[in-house]
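Scroll down for the structure; my scribbles are underneath it.
The values are calculated or read from the model by the stated rules, or taken from the named source; none is laboratory data. Source: prediction; values computed, not measured. Neighbour counts run over all protein chains shown; Cβ positions are idealised from the backbone, glycine included.
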Amino acid sequence: MATARFRLLQLSGGTVTWRLLATNNRDLGRGSEAYPSKQACWEAVRELQRGAAELAAVLIRTGPSSWSWRIEAGPGTVAVASRHYQRRIQATQAAAVALELIPAAELSGLDPRALHPRAELGKAS
């Protein structure tokens, strides 16, 4: 059975971030920070999973007919949507799926592909 997973991404400049992949391999969300090493990124993901019960999704209107979401832990943003949604309900549902998958998602390996600069640091494209 397929499971959701966190996949590490090597960014241009050598830093590392993560993305959350659904069971169908679809990119749901990305970390909002870049880390200096793979180990530091893994530790941030584990901390995110340990504190999953305290996470909250926030919906964001990004345009006249465009919505997104971010996940907050305390005062800071820890994850952002990987894409924009045409309807608020779609963004709401996607954020709920991400929150549901975070606690049990597996930790996967490093994806050596560098991201386009606009996609770095969890910015939705």
task: Inspect all residues belonging to segment 116-124 and state whether any of them is in a helix (DSSP H, G or I), over 24 Å from THR3 (Cβ atoms) and at pLDDT 95 or above.
output: no
- prompt: Of all the strands (runs of 3 or more DSSP E) wholly in segment 5-68, which have at least 2 residues that are under 19 Å from GLY109 (Cβ atoms) and touching a helix residue (DSSP H, G or I) at 6+ places or on another chain (Cβ under 6 Å)?
  reply: 5-10, 16-21, 27-31
- prompt: Taking segment 69-103 as the region of interest, how many residues are assigned to a helix (DSSP H, G or I) and charged (D, E, K, R)?
  reply: 2
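Out of the residues in segment 46-85 that are of a type in the set (S, T, N, Q) and surrounded by 12 or more Cβ atoms within 10 Å (Cβ to Cβ), state the one that is farthest from SER32 (Cα to Cα).
That would be SER66.
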query: How many residues does segment 8-31 hold that are closer than 17 Å to ARG83 by Cα and crowded, with 19+ Cβ neighbours inside 10 Å?
result: 10
